[in-house]
Each structure stands twice: as C-alpha cells, then as structure tokens.
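Just below is one structure, and these are the notes that go with it.
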Amino acid sequence: MFQTLYSYFWWERLWLPANLTWADLEDRDGRVYAKASDLYITLPLAFLFLVVRHLFETYVATPLAGLLNVKEKVRLKATPNAVLEKFYAATSKHPKQADVEMLSKKSGCTVRQVERWFRRRRNQDRPSLLKKFREASWRFTFYLIAFIAGMAVIVDKPWFYDLREVWKGYPIQSMLPSQYWYYMIELSFYWSLLFSIASDVKRKDFKEQIIHHVATIILISFSWFANYIRAGTLIMALHDSSDYLLESAKMFNYAGWRNTCNNIFIVFAAVFIITRLVILPFWIMHCTVFYPLDLYPAFFGYYFFNFMMVVLQSLHIFWAYLIIRMAQKFITGKVVEDERSDREETDNSEEEEEVAKNGPLSNGHPVLNNNHRKTD
C-alpha cells in the first residue's frame, strides 16, 4: 500500500515535462542536481533555528530593548475571582450581555465590575511589548541577512537580468552550492516560523499567516523537487526585500521612535507594493506562466506551481489592503499602527476619574510614570 502511494506520488508526469524521467536528473559528469532527500536536513535545521532564536532574543534582543528604552504600558490586574476566571477559561473571553448579567449575580459583582474584570483579564493575556520587540528583532535580523545572501547568490547570474534564462535548458539545470544553502536555510526558517506560530504574538491575520507559511513551504519544496531552482531563488529574494523593513519599523515603533518608524514604514510600503504587486505578478509570474510553454507542454507540476503562486499573490493583495489603510492614517496625521494587531483595551468611568485625581494606578496604587503607547 505504502509503496503504491509512493510510486504514484513520485510519478514523473506529475513533476517533470513529457519525455523526461528522474534518471535525467541523476548526478553525472560533475553536475549535481536537486534531490528530494536533500530537504530532510531542513527539519533539524528548523529546530536549530528555534534554539538560535531563543539565544538571540535572550542575549541580543533583550539588551537592545533596554538600550532603546522599550517600556511596558502599565496594566491594571484583574482581582482574583473564581467564578469569573472559570467562565473566562472555559466559556468565553468576551461574554455577551446576558452572560455578564448572569455572572454579576453569581459573583456578587456589579455589571460594570464584571465588564471591567474581563477587560483587565484580557489585557493580562496580551503579549508584552518586550515580547513583540524580541520577535521583531529576530525576524529583522534573519530577513536582512537572507536578503543580502540571496542577492549575493543571484546577482551575478544571467537569469537575474534576463528571465528567459530561467528556463534555458530546463529541467537539465545543475545546482550550485550557494543555491543549495540558500534553499535549505530559507525552508528551515519557514518551518521554524510554522512550529512557533502558536506561541508567537497572535495577530488578527493569524489564519492568513498559517496559510502563508504552509504555501511558502510547499512552494519552496516543490520548486526544489521539480528543479525550479532558478525561479525559486528569484521569488525568495523578492519576498525578503521588504520584510526586514517592516520588522525594523515595528522595532522603532515599540521603542517610541515615531518619526523613524513612520519614515521606514513609507519606504516599506513603497517596496512592498512595487515588489509584491508589480514585479511579482507582471515579471516573475509572467515568467513562470508563459515562458515554460515555449519549451514544453503544460503538465501537472506547471499548474501546481503557478496555483501556489496565485495563493501567495492573493495574500499579498490582502496585506497590501492593510498597508494602504495604515498609509491613509499616516497621511491624515494619525500614528501608524499594524492593522493586524490586537489593541489594548482601556478601562473607563470610575478608573478614569481615579486616574484624573490621583495619577496613573498600578493595582490600585499610584505609580511614578505612565508611558502610554500605542503598540503594534
């Protein structure tokens, strides 16, 4: 049974153009070709990335946060209440009005007190500013290094300047050591992002992020199997070109450097729109959709690869919409925020009156400073 499924999965007609077999991609005469078994190394490398990330966030990002004066916003803690805590953990973090009234009777609190308790309790579960800064620092560092390394891998290649060279001689195109390591590192990193997504800061586009990571892993893996390596390196470098700008803007936002954050965001938005909405669809996808048909009839791998490209492009359009919304806020003079963020909730009424009289409070006691910030 397993052998039959294995044979169907690796059927040449799924992966390669007509009249070609896996034997045509066997190493010979000093020429080395991509093999599926090469990707086994990406899983242990992904766990190594998680270890390196932990060390980086502990010994590099945390001290850097201190140097940039990244400070937490004062959060009022919810008073311990067994009835409300049980409902919060087992039923809902956002009770409906009928639930609030029911909990008010059970807990002996007023309706307003129950509402305030849930606001404070939700705020307690929100990730800290330091956690966000550490994550952004790690991704910034990787994306910047990956972009520089990617450009070093492809900038001297003829297909970087002439996209028709991407398919010259396909699929009999030998693999270079630089291409091998570029692929292994990029794929390992995206595996690590998928493994850590449950513990990372959860944003409103959580589902889209999962789709993006899965689609990216599938696309990178498939392009390796089918020897679409030249196109794959171009696509990976194109994506890395704007990601490090976004992460650096987040870092400065968490540090309170508003003007620097806004200026970097403008550059990021321009690079994102040019690379993801212009170059990718009108140059790269044009290259992967039309140029191969000059060499061989369309086959399953051709359709599958371009389908995954369409999935990624759809996500780019979704994120471009969020970026444009942020740009509109910037133009109108509002602080630029990440539209994907789960915003901090604030208490009102009695608390506001108490703050006005006594200054900021922390668990019912005045504090010496109050660093109110809109965070990512």
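The values are calculated or read from the model by the stated rules, or taken from the named source; none is laboratory data. Just so it is clear, the structure is predicted and the values come from calculations on it, not from any experiment. Glycine gets a Cβ as well: all are built from the backbone with ideal geometry, and neighbour counts include every protein chain shown. For the accessible areas, the whole protein counts, side chains as well, though only heavy atoms, and no ligand, DNA or RNA atoms are used. Shrake-Rupley method; radii C 1.70, N 1.55, O 1.52, S 1.80 Å.
Values for this structure:
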| read-out | value |
| --- | --- |
| Helices (runs of 4 or more DSSP H) contained entirely in the stretch 57-150, each with at least 3 residues that are among the hydrophobic types (A, V, I, L, M, F, W, C) and buried (at least 19 other Cβ atoms within 10 Å of the Cβ) | 111-125 |
| Candidate set: the stretch 25-56, residues that are among the small types (Gly, Ala, Ser) and within 26 Å of the chain's Cα centre (by Cα); chosen: the one surrounded by the most Cβ atoms within 10 Å (Cβ to Cβ) | 46 |
| Any chance residue 252 is farther than 24 Å from residue 167 by Cα and in a helix (DSSP H, G or I) | yes |
| Residue in the stretch 348-362 that is assigned to a loop (DSSP other than H, G, I, E, B) and modelled with pLDDT of 75 or more present | no |
| Which numbered condition residue 215 fails, given (1) surrounded by 16 or more Cβ atoms within 10 Å (Cβ to Cβ); (2) modelled with pLDDT of 95 or more | (2) |
| Residue list for the stretch 148-191, filter: under 21 Å from the mean Cα position of the chain (by Cα) and among the acidic types (Asp, Glu) | 186 |
| Residues of the stretch 207-248 classified as free of Cβ contacts under 8 Å to residues at least 24 places away in the same chain and among the polar types (S, T, N, Q), total | 1 |
| The lone exception for residue 176 - which of (1) open to solvent by 40 Å² or more (accessible area, probe 1.4 Å); (2) touching a helix residue (DSSP H, G or I) at 6+ places or on another chain (Cβ under 7 Å); (3) not basic (Lys, Arg) it fails | (2) |
